[in-house]
Structure formats: C-alpha cells, structure tokens
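The values are calculated or read from the model by the stated rules, or taken from the named source; none is laboratory data. All figures in this text were calculated on a predicted structure; none of them were measured in a lab. When we count neighbours, we look across all protein chains shown, and the Cβ atoms used for this are built from the backbone with ideal geometry, even at glycine.
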Amino acid sequence: MNLARLAAVPKNRVRNFLARYLTPAVIAEGRGKGSEQNVRCLYVGEPKFQAYLFDLVFAEKPGIARSWRARLGRLKQVFSKERFDLGVALVPNQYEASLRGLYSYRATKNVRQETDISAPWDELVRTWQNYSETVRRIRKAGLQSRISHDPADFEHFYHRMFLPHVRKQYGDLAYVDPYGEVRPWFDRGLLVLVEQGGNPVAGGLCAIEDDALVFYRTGVLEGDYELVKKGAQAAIYYFMLQYAKEQKLTRVNFLMSHAFVRNGVYKHKAGWGAISSPDEKAAQSLLYFLPEGNPKTVFFLEKNPIIVSGEDGLLEVVTGWSRDVESLPRDEIIHTCRAPGIKRVIVRTNQGTEILDTTEALV
C-alpha cells in the first residue's frame, strides 16, 4: 500500500492494519529493583503489560535506549541481534512458532484459578491456608455478610468500593472496567457484601454459571487500607465460598491472575485452594528470552518467579538462586512456589539449572 492510498484510509483502519504486522518494541535500562546493578530489558508487545513488567524489573523509571515499531514477522532477528539481560515478548499466538528454539519459556499473561468445593466443608477448610487467619479477623472486626440483588447496592459497590479500590491498589497501572461492562454482570448475578455494624464495607461481584460461582470483581469502601488490614477483603473470599457451598455448587471460578508467583492476587487465591491452569483462550503468547548464566537474569527470577507452560498442559514455575548452588534452599523454594496446579519448579542459577518436584515432602 503506497503512502497516497494509505493517507486516504480512515485512521482506525490504518491502526488495525499496522497492528497486524507491527508491534511496539523498547529497550530500557535502569537500576534493577532490589539491586545496585544496571539492567537492560528488551520488551516487545502492548504498553499496558510493559508498564507492569517494568515495575517488577526496575527500581525507578528506566531510561529508554531505543524505542521503535518492530515487524512481527522479523522478531527472530530482533532477539538474536540485540543485547539484553531480560527479554520478553507478548505476541499473537501465530508468531510464537517462528521464535521456537530462541525463547527460553512460553507462558500466557494470566493463569486461570478455580477452587473445587465438592468435598465436605470441614475437609475443605483444613486445606485452605487463608482460612484460620481470615476467620480470626472476621470475628475480631465483627464482620458479617449479606447477599444483594438491589441495584442501589450495586451503585454503592461500583462507585465507592470497586473504583477507589482499583485506583489505590494499582495506581498508574490500574485498568478500570467501564460501568457499562460491569453492570451486566450484576444484572445476571449478585453481590456478596461484607458488613461491619450493619454498613457495607467491602463486596464481591459474582454470578452463578452452571455448577460454579464466578467471581468477577472486588472492592473495599473508599479503597481504605485499614479495612483491608482488618480483613474486609479476605472476608469476601470466605463468605463467597461459604455462599457457593450453601447453594450446592461444586466450584468457585476466580478467573484470571497475572502469572507471577508473588503477585498478591494470585497468592491470595492460591491460599483458598485455587488450582492454577493455563489460559487456553489467550490470543497472545508471553515469551521469555533468558540468557544462560546471566547474574542479572537470575536475580530477577529470584525476586519474581514466573509461571510458565510445562509438559502435558500443566504449569511450572521458573525462579532463580543467585548464590552458591551448595546453599540452594530447596525446601524453602518449594514452599514459596508450591500451589495447586504447579507441577515442578525450575531454578536458574549462575552455574546451571536445578529441577524441583513440588510433590517432594518438606523437611
């Protein structure tokens, strides 16, 4: 398509055309988070995930060494020629095959998490890591629950719980679901409200689909961190699981979480027995390019274990250990990375790779 013809095409069609063949690419450099070393990161893909990734990699806003739009069909040349400590590409699935043999691990931006509640309640609570502490805080704060289908409660939830909670929790990285997208979930669903002294202080937006309670969104009144510390947010999960059990459902679908072991949302859901599984409907592949024996790469993985696709459709964790292999704390690493749905842990070190089976008994 020549420039004259391109100029006559509506802008939205031009954007769609370019997006099919080009993708943003950036090389950023800056002090690594938790380190005094300078880290060079090559990222290719959407800016939204770039912001999330850079917040994990860098201690402060990095400098941009180069920024351009790369051709999706020529990413192999980009990752072969550029120098980096950490390379990451979020690309449409059809381009993944052209990068095989070059990338280290394949993942998706998110993983699914779902808790099986078909067993008796007494058996379930013994397996939930979050249960005892959450019940203690519920009792101490005098929290109770209420199920609501009242549109007035939804207005209160969306404007005074959901919006401020998301904005305070994620700051500049926050994506706020528009009202028009969230309201239909309520119209076919319900709110699990957490109350203190008869006043709603937190809530979860859910819907029953087949034999599952689907958990869409959460919120805390005015995003108040003091209410979170008192257990209001954790109480949503407890009361939601309790409600699902009372309705004789067999599953609670917690939807998606970012595929990082130390992501707070992922960790909390795992603490309620949520089994992780691949996002099979993902239209994009998240590819990691990790130079062998690079201490900066190993340090990043040590601080930010990643969840990747393993064999037989199961998930694995890749983490790092920057000290001597002889001092590798296998039990501690398994304890940190173990979660329902995770088959094994791959530990990258400066000397090589260790494989840990998450079914190993902890000493």
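Odds and ends about this structure:
- Residue count, the stretch 242-251 (criterion: surrounded by 15 or more Cβ atoms within 10 Å (Cβ to Cβ) and either among the basic types (Lys, Arg) or modelled with pLDDT under 95 (or both)): 2
- Check on Val201, in contact with a Cys (Cβ under 8 Å, 6 or more places away or on another chain) and modelled with pLDDT of 95 or more: no
- Residue within the stretch 110-128 that is touching a strand residue (DSSP E or B) at 6+ places or on another chain (Cβ under 7 Å) and either within 30 Å of Arg40 (Cβ to Cβ) or modelled with pLDDT under 95 (or both) present: yes
- Failed item, numbered, when Leu314 is tested on (1) within 20 Å of the chain's Cα centre (by Cα); (2) at pLDDT 90 or above: (2)
- Extreme residue, modelled with the lowest pLDDT, among residues of the stretch 135-168 that are more than 15 Å from Gly203 (Cβ to Cβ) and within 22 Å of the chain's Cα centre (by Cα): Lys168
- Test for Gly223: is it out of contact with any Cys (no Cβ under 7 Å at 6 or more places or on another chain), crowded, with 17+ Cβ neighbours inside 10 Å and modelled with pLDDT under 95: yes
- Taking (1) under 14 Å from Gly219 (Cα atoms); (2) out of contact with any Leu (no Cβ under 9 Å at 6 or more places or on another chain) in turn, Gly203 satisfies each apart from (2).
- None of Phe239, Phe215, Phe254 is in contact with a Cys (Cβ under 7 Å, 6 or more places away or on another chain) and either surrounded by 16 or more Cβ atoms within 10 Å (Cβ to Cβ) or among the aliphatic types (A, V, I, L, M) (or both) except Phe215.
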